[in-house]
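A.B. asks: Let me begin by handing over the structure; questions about it come next.
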Amino acid sequence: MTTLENIKNSLIDRILATKNEKLLEAIDRIFTSTQTEEIISLSSEQIEMLSMSERDIETGNFISDRQDPEKLLKLLKKK
């Protein structure tokens, strides 16, 4: 086991064993305050595909699986 895995397992064991609510609240605040949103970089092709999808949605050029599941399955099988 790596050092990181050992630390995680030790923390998990200690968190599960404690009955100290204030300690758990403090740990929760630490995790909450250190959360960051993951930034995803998209290629120009991915951005273009998303733009095309948005245009399709705006113009109603799509099939909902609730509207016509049979037609949707046929389209997916073609790809």
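Every number in this text was worked out from the coordinates using simple rules, so none of it is lab data. Note that the structure is predicted; figures quoted are calculated from it, not measured. Cβ coordinates were reconstructed from backbone atoms using ideal geometry, including for glycine residues, and neighbour counts include every protein chain displayed.
A.B. asks: Take the chain, connect every pair of alpha-carbon atoms lying under 10 Å apart with a spring to form a Gaussian network, then pick out the residue of Leu11, Leu42, Leu24 with the largest mean-square fluctuation.
C.D. replies: Taking springs between Cα atoms under 10 Å, the residue moving most is Leu11.
A.B. asks: While we're on this one: Select from the chain the helices, each a whole stretch of DSSP H, whose alpha-carbon atoms run 30 Å or more along the helix axis and whose Kyte-Doolittle mean is at least 1.6; answer none if there are none. Before the final figure, lay out the partial values.
C.D. replies: On the way: long enough: none.
Within the chain not a single helix satisfies the rule.
A.B. asks: How big is the chain in terms of Cα radius of gyration and Dmax, in angstroms?
C.D. replies: 23.6, 58
A.B. asks: Let me ask you something else. If you average the alpha carbon positions of the range 31-52 and of the range 10-29, how far apart do those two centres end up, in angstrom?
C.D. replies: Using only Cα atoms, the two centres lie 32 Å from each other.
A.B. asks: Would you be so kind as to identify which of Met52, Met1, Phe62 lies farthest towards the positive end of the dipole of the chain, taking Lys and Arg as +1 and Asp and Glu as -1 on Cβ and the Cα centre as origin?
C.D. replies: Met1
A.B. asks: A further question on this structure: Need one word for the range 1-41: rounded, prolate or oblate. Basis is the Cα gyration tensor (sqrt eigenvalues a ≥ b ≥ c); a/c below 1.5 gives rounded, then a/b vs b/c decides.
C.D. replies: Working: a/c = 4.14, a/b = 1.27, b/c = 3.26.
Since a/c reaches 1.5 but b/c is at least a/b, the shape of the range 1-41 is classed as oblate.
A.B. asks: How far apart, in nanometres, would the label points at Ile39 and Arg55 be if each is projected 7 angstrom from Cα along the Cα-to-Cβ direction?
C.D. replies: Calculated label separation equals 2.8 nm.
A.B. asks: Return the lysines within reach of Lys74: Cα separation strictly under 28 angstrom, same-chain partners fewer than 8 residues apart disregarded; answer none if there are no such residues.
C.D. replies: Output for Lys74: empty list, no partners.
A.B. asks: What dipole magnitude, in Debye to the nearest 20, does the chain give about its Cα centre under +1 on Lys/Arg Cβ and -1 on Asp/Glu Cβ?
C.D. replies: Working: 12 positive and 15 negative charges, 72 e Å.
Roughly 340 debye, rounded to the nearest 20.
A.B. asks: Quickly work out the Ser64-to-Phe31 label distance, labels modelled 7 Å from Cα along the C-beta direction, and quote it in nm with one decimal.
C.D. replies: If labels sit at Phe31 and Ser64, their model points lie 3.7 nm apart.
A.B. asks: Helix-only mean residue ellipticity at 222 nm, the chain, DSSP H runs n ≥ 4 weighted -39,500 (n - 2.57), per residue, nearest 500. What is it? Provide the component values of the computation, followed by the final result.
C.D. replies: Working: 4 runs with 55 residues, N = 79.
Theoretical 222 nm ellipticity from helices: -22500 deg cm²/dmol.
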